[in-house]
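Chemist: Got a structure here, written out as structure tokens. Questions coming.
All of the numbers you see were taken from the coordinates with simple rules; none came from a lab. Note that the structure is a prediction, hence the values are computed from the model and not measured. Please note: Cβ atoms are built from the backbone with ideal geometry, for glycine as well, and neighbour counts cover all protein chains shown.
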Amino acid sequence: MKGIDVSKYNGSINWSEVKKSGIDFAILRAGYGQYENQKDETFENNYAAAKKAGVKLGAYIYSYAKSAEDAKKEAAVFLKWLKGKQFEMPVYYDVEENSQAKKGKAFVSLLIKNFCSVMENAGYFVGVYANKNWFENYIDDECKKRYASWVAQWAKKNTYNGAYGLWQYSASGKVNGISTSVDLDTSYKDYPSIIVSGGFNGFKGGEAPKPVTPAPKPTTPKPSYKAGAKIRLDNAPIYASSTTNRQAGKKTGIFYIYDGIEIRSRYRITTKPEYVNAKPIDEKVTGYVRKSDIKQV
């Protein structure tokens, strides 16, 4: 089956066009972390509209867990977001934080087991999303055998030698109905038959999916910044990447948006307009700043 995975970073999606383009399933980001306010702002709309269009659905949560207890808290908030919904595809735990990998395979595997045990006890068909390197080096065999594997390797061929049900093979796909680049996936298992007949993910064995009320009109997206936009910073924290929470310093003054790509609510900035989109990136980019710290001139 042909599929995609999406989040708020893919903007407002025309799911009827997505379905017409040949997409069979989508894995929706429900949110990240362990708090209810970390729910993806497009999750509800995407769920309702995709269901109405006939796209089979799964969901995922991005993990920032720093302990086994955090993983359980992430499962608990994930269950709240999934409540009352039905998913024909697995629901996934997305592990890819460097801070987790630094603690080793046993730690990452413990996070997965704690999260997945909560989800299984609640009746969900659960899996793990990670890239090939993580599956090979940071996830133990028990996890890989027990839970559905969704492997990310952006290439023409998946060279992962383990078993997997989903392969995310591109992060730059183009699909009708989606204005941004989108992740592309292939499913090698008939998960809808397994899940619906087995009574997982909100289904009762063999029942038909529940009708879904039409999605409300999409809300107006928050302002975004295009490449070259002139901005002002007032003692704003600077970060070396889109994911780290460790500050690399603070900046005050006039700067420019480097490429206009928002990643986890952060933008890359540069010091001169002629540096916008210029290469090499390491020499032209000052760092990442939070969207909330940007003041447009």
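Chemist: With the cut-off at 1.5 for a/c, could you classify region 81-210 from its C-alpha gyration tensor as rounded, prolate or oblate? Could you put the intermediate results ahead of the total?
Modeler: On the way: a/c = 1.79, a/b = 1.15, b/c = 1.56.
Oblate, since a/c reaches 1.5 and b/c is not below a/b.
Chemist: By how many nm would the segment from ALA106 to TYR35 grow when fully extended, if each residue of separation counts as 0.36 nm and the alpha-carbon distance is taken off?
Modeler: Additional length available on full extension: 23.1 nm.
Chemist: As a test, work out the antiparallel percent of DSSP beta bridges whose residues both lie in region 2-198, rounded to the nearest 5.
Modeler: The antiparallel proportion sits near 25 percent.
Chemist: How big is the charge dipole of the chain about its Cα centre, in debye rounded to the nearest 20, if each Lys and Arg gets +1 on its Cβ and each Asp and Glu gets -1 on its Cβ?
Modeler: Dipole of the chain, to the nearest 20 debye: 660 debye.
Chemist: Then there's this: At 0.36 nm per residue, and after removing the present C-alpha to C-alpha distance, how many nm does the segment from ASN176 to ASN277 gain when stretched out fully? Could the numbers behind the result be given before it?
Modeler: On the way: separation 101, 0.36 × 101 = 36.36 nm, distance 2.68 nm.
This chain segment gains 33.7 nm when fully extended.
Chemist: Going 7 Å from the Cα of ASN137 toward and past its Cβ, which residues in region 165-195 have a backbone nitrogen under 20 Å from where you end up?
Modeler: 168
Chemist: Report the net charge of residues surrounding GLY228, where surrounding means a beta-carbon distance below 14 angstrom and charges are Lys +1, Arg +1, Asp -1, Glu -1.
Modeler: +3
Chemist: Between region 266-297 and region 233-252, how many Å separate their Cα centres?
Modeler: Cα centres, region 266-297 to region 233-252: 11 Å.
Chemist: Stretch LYS291-ASN161 to full length: gain in nm at 0.36 nm per residue minus the Cα-Cα span?
Modeler: On the way: separation 130, 0.36 × 130 = 46.80 nm, distance 4.01 nm.
Length gained, LYS291 through ASN161: 42.8 nm.
Chemist: How high is the relative contact order of region 1-75, in percent, with contacts defined as C-alpha pairs under 8 Å that are six or more residues apart?
Modeler: Over region 1-75, the number comes to 34 percent.
Chemist: Is there a pair in LYS51/LYS80; LYS52/LYS83; LYS52/LYS156; LYS2/LYS102 whose C-alpha atoms are over 24 Å apart, and which pairs would that be? Intermediate results must be reported in sequence, preceding the final value.
Modeler: Working: LYS51/LYS80 19 Å; LYS52/LYS83 18 Å; LYS52/LYS156 32 Å; LYS2/LYS102 34 Å.
LYS52/LYS156; LYS2/LYS102, as the Cα separations exceed 24 Å there.
Chemist: Only Cα pairs within less than 10 Å get springs; with that Gaussian network setup on the chain, which residue of ASN121, ASN158, ASN133 has the largest fluctuation?
Modeler: The residue with the greatest mean-square fluctuation here is ASN121.
Chemist: Among THR252, TYR288, VAL276, which residue has its Cα furthest toward the positive end of the charge dipole of region 230-296, with +1 on Lys/Arg Cβ and -1 on Asp/Glu Cβ?
Modeler: THR252
Chemist: Counting pairs of alpha carbon atoms under 8 Å apart in space and at least six apart in sequence, what relative contact order in percent does the chain give?
Modeler: Working: 628 pairs, mean separation 45.2, N = 297.
Relative CO of the chain lands at 15 percent.
Chemist: Which far-off residues, 5 or more places away or on another chain, put their amide H under 5 Å from the one on GLY199, with H placed in the peptide plane?
Modeler: Those lying under 5 Å, H to H, from GLY199 are GLY205, GLY206.
Chemist: Also, I was wondering about something else. Identify which of GLY287, GLY177, GLY33 has the largest mean-square fluctuation in a Gaussian network model of the chain, with springs joining Cα atoms closer than 10 Å.
Modeler: Ranking GLY287, GLY177, GLY33 by mean-square fluctuation puts GLY287 first.
Chemist: Along the charge dipole of the chain, which of GLN153, GLY199, VAL126 sits closest to the positive end, that is, farthest toward it, with unit charges on the beta carbon of Lys, Arg, Asp and Glu (+1, +1, -1, -1)?
Modeler: GLN153
Chemist: Moving to a separate point now. (i) 24.7, 81; (ii) 19.7, 69; (iii) 19.9, 61: which one is Rg and Dmax of the Cα atoms in Å as calculated from this entry?
Modeler: Label of the calculated value: (iii).
Chemist: Let me ask something else. If I require 18 Å or longer along the helix axis, counting alpha carbons, and a Kyte-Doolittle average no lower than 1.0, what helices from the chain are left? Use full DSSP H segments. Working shown, then result.
Modeler: Working: long enough: 68-82 (21 Å, -0.09); 105-121 (24 Å, 0.73).
The answer is none, since no helix passes both cut-offs.
Chemist: Next question, about the same structure. Calculate the dipole size of region 230-296 relative to its Cα centre from +1 charges on Lys and Arg beta carbons and -1 charges on Asp and Glu beta carbons; express the result in debye to the nearest 20. Let's see the in-between values first.
Modeler: Details: 14 positive and 7 negative charges, 38 e Å.
My answer is approximately 180 debye.
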